[in-house]
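Let me begin by presenting the structure, written as structure tokens, before commenting on it.
The values are calculated or read from the model by the stated rules, or taken from the named source; none is laboratory data. Keep in mind the model is a prediction, meaning the values are calculated, not measured. A quick note on method: Cβ atoms are made from the backbone with ideal geometry, for glycine too, and the neighbour counts reach across all protein chains shown. Only protein heavy atoms, including side chains, enter the accessible area calculation; ligands, DNA and RNA are left aside. Shrake-Rupley method; radii C 1.70, N 1.55, O 1.52, S 1.80 Å.
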Amino acid sequence: MAHANEHPGEQAARDPIKLIAVRETALSVDEVLRAVGDEAAGGIALFVGTVRNHDAGADVDALGYSCHPSAEAEMRRIAEKVAAQYPVRALAAVHRVGDLAVGDIAVVVGVACPHRGEAFDACRKLIDDLKREVPIWKHQKFSDGTEEWVGEYISRRSGCGLF
């Protein structure tokens, strides 16, 4: 009889990246959940990032996301890195660009692994690295009429301006 960790379902899938996208249209949690469905997964972790009504003590009315043309490729690079670190059966990540209102979904990521702890860890690594490394910028509009750009990753990294 084979040991539990020798079962094929305990191993990472050969091609676990099921969905990577940057979109101008509304995001679907159900789409990401379907994308990461895997019969060998004992745990699926999802993270849904939404537009909140405040930031740093100021009321936020709306915001817009824009991205560098390399954003989707950077998301894939990070997804591949996460899939190499954890026994990922399936992984998906989608990010919204364009104008969003308070309460709108800005990002959805999902990871399926053989066990819940691995799924939680891989999902957290995925969203944290996406937030830190993908060239997507947030333009916040505050209730007092002021505005702020957040996440100027690419301009710090390569000297490029915002696109």
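Worth a mention:
- Residue in region 129-145 that is open to solvent by less than 40 Å² (accessible area, probe 1.4 Å), modelled with pLDDT of 95 or more and under 18 Å from Val29 (Cα atoms) present: yes
- In the set (1) touching a helix residue (DSSP H, G or I) at 6+ places or on another chain (Cβ under 9 Å); (2) at pLDDT below 95, Ala2 fails one condition alone, (1).
- Qualifying residues in region 95-118 (those that are out of contact with any Lys or Arg (no Cβ under 9 Å at 6 or more places or on another chain) and farther than 24 Å from Ala26 by Cβ) - the one most open to solvent (accessible area, probe 1.4 Å): Arg116
- When residues of region 8-55 are limited to those that are more than 21 Å from Val134 (Cα to Cα) and part of a strand (DSSP E or B), the one modelled with the lowest pLDDT: His54
- Taking region 84-135 as the range and being among the acidic types (Asp, Glu) and more than 16 Å from the chain's Cα centre (by Cα) as the test, the residues that pass are Asp99, Glu118.
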